[in-house]
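Below is one structure, written out as structure tokens; the observations come after it.
The values are calculated or read from the model by the stated rules, or taken from the named source; none is laboratory data. Being a predicted model, the structure only gives us computed values, none of them experimental. For neighbour counting, all protein chains shown are included, and Cβ atoms are generated from backbone atoms with ideal geometry for every residue, glycine included.
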Amino acid sequence: MAPRTKLEDSPIAGSLKGGVGDLPHGSTSTERNPAHSCENYAPSFVGFELPGHGDPYVDCGSTMARGCENTHLHPQGLDGRPRGAVFVQLYRRTCLRAQCPVCYESWCAKHAKRIDHRLRSYKPPKFRRPIHVVVSPPMSDWGLDYGSLRRKAYKIVRSVGVSGGCCIPHPFRINEVEGRVVSPHFHILGYGWTVGKVVSEAYAKSGWVVKNLGVRNSVNATAHYLLSHAGVKFGRHTITWFGNLSYNVLYVAPYVEESPRCPMCKAILKPLPLSLVAGLDPPPLGDYWYTSECGLRKWIVEEP
């Protein structure tokens, strides 16, 4: 199979509707401070970048159509929809890659749901609500290789009371004056609890700073935010699991995204040719109904 075309190699580069999404705050090349590079300060994170700093494919962000053609099961609607109309849903195509400037938010959403699913599937004997902990190494450890640094982060958080969870690396912090500044740290979403005395003892012994940001009301929202400016590197997993939630300790059935369905007959939506239902200039994303006589009309949700 031939490789997919990247956007800059296409004759229609820059012409996609929807364009390139907003990149993580403080992440543009003009906002970087060259003096604060991983090469100079944190060899552990050499090669890491923020999401959205790669190349999009030529069709990333383009409008696609899917729908349901079981017209014999589609009744007449109160919005003027005739019996037997085709249900149509217009949506953006996404490659689901962390490095894509158009689709990285979809990558964040996908993996945030998986994190939430795995955490909710574990039932600890106590401290049953997930917490958010930040653990930061001293500069003396920034020269460790990435694997060793991450394992040390696991050891530190477990020593202060976190039994297990997921780990998301952040190579940078955003400074309003200097922009993106190298400051490696790890975000933990997991189970357990930390207290001041134990944290202070860990700092005195290791120099690592541990901060408990408390219970998370929405793991999904927190994970999505953390992933939006996480460190990503080709060949490295951005999300890893440790302790009681590591893959060799806990088995959880994979998270399965629910397929979009027709609101009338509940059938799974299938791809539709965009040119047939929407022409060359498709309307905004959303749900529609279609007949050859009326064309494409906005779907209005009917109250039960």
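Out of the stretch 68-83, which residues are touching a strand residue (DSSP E or B) at 6+ places or on another chain (Cβ under 9 Å) and either modelled with pLDDT of 90 or more or not in a loop (DSSP other than H, G, I, E, B) (or both)?
Selection gives Cys68, Glu69, Asn70, Thr71, His74.
Give me the pairs: first residue in the stretch 64-77 and more than 16 Å from Ile268 (Cβ to Cβ), second residue surrounded by 15 or more Cβ atoms within 10 Å (Cβ to Cβ) and of a type in the set (A, V, I, L, M, F, W, C), beta-carbon distance under 6 Å, and six or more apart or on different chains, which are they?
Within 6 Å, no pair qualifies.
Just to check your reading of the model, which residue among Ser163, Ser228 is crowded, with 19+ Cβ neighbours inside 10 Å, under 21 Å from the mean Cα position of the chain (by Cα) and of a type in the set (Ser, Thr, Tyr)? Don't jump to the end; show me each part of the working.
Details: Ser163 fails: under 21 Å from the mean Cα position of the chain (by Cα).
Among Ser163, Ser228, only Ser228 is crowded, with 19+ Cβ neighbours inside 10 Å, under 21 Å from the mean Cα position of the chain (by Cα) and of a type in the set (Ser, Thr, Tyr).
Touching a residue at least 24 places away in the same chain (Cβ under 8 Å), of a type in the set (A, V, I, L, M, F, W, C) and within 30 Å of Thr63 (Cα to Cα): which single residue out of Ala230, Ala253 fits that description?
Details: Ala253 fails: within 30 Å of Thr63 (Cα to Cα).
Within the list Ala230, Ala253, the selection yields Ala230.
Which residue out of Ile188, Ile156 is within 22 Å of Gly214 (Cβ to Cβ), aliphatic (A, V, I, L, M) and in a helix (DSSP H, G or I)?
Testing whether each residue is within 22 Å of Gly214 (Cβ to Cβ), aliphatic (A, V, I, L, M) and in a helix (DSSP H, G or I) leaves just Ile156.
Could you count how many residues in the stretch 249-269 are loosely packed, with under 11 Cβ neighbours inside 10 Å, under 23 Å from Lys110 (Cβ atoms) and not aromatic (Phe, Trp, Tyr)?
So the answer is 6.
Quick one: is Asn244 in contact (Cβ under 8 Å) with a residue 24 or more places away in the chain and in contact with a helix residue (DSSP H, G or I) (Cβ under 7 Å, 6 or more places away or on another chain)?
So Asn244 does not fit the description; no.
Pull out all pairs, ordered by first then second residue, where Cβ-Cβ is under 9 Å, the residues are six or more apart or on different chains, the first lies in the stretch 117-137 and is more than 18 Å from Gly196 (Cα to Cα) and among the aliphatic types (A, V, I, L, M), and the second is in a helix (DSSP H, G or I) and at pLDDT 95 or above.
Every condition considered, the pairs that remain are Leu119/Val219; Leu119/Ala223.
Within the stretch 146-164, which residues are in contact (Cβ under 8 Å) with a residue 40 or more places away in the chain, closer than 15 Å to His237 by Cα and not hydroxyl-bearing (Ser, Thr, Tyr)?
Leu149, Arg150
Only one of Gly161, Gly165, Gly190, Gly143 is in contact with a strand residue (DSSP E or B) (Cβ under 9 Å, 6 or more places away or on another chain) and more than 15 Å from Ser246 (Cα to Cα); which?
Within the list Gly161, Gly165, Gly190, Gly143, the selection yields Gly161.
If a residue has to be touching a Ser or Thr at 6+ places or on another chain (Cβ under 9 Å) and either modelled with pLDDT under 95 or assigned to a loop (DSSP other than H, G, I, E, B) (or both) to count, how many in the stretch 49-64 make the cut?
9
Name the single residue that is nearest to Phe234 (Cα to Cα) among those in the stretch 125-145 being β-branched (Val, Ile, Thr) and touching a helix residue (DSSP H, G or I) at 6+ places or on another chain (Cβ under 9 Å).
Of everything passing the filter in the stretch 125-145, Val135 is nearest to Phe234 (Cα to Cα).
Tell me, please, whether a residue that is over 30 Å from Gln76 (Cα atoms), part of a loop (DSSP other than H, G, I, E, B), of a type in the set (A, V, I, L, M) and touching a Ser or Thr at 6+ places or on another chain (Cβ under 6 Å) can be found in the stretch 254-266.
No, the conditions are met nowhere in the stretch 254-266.
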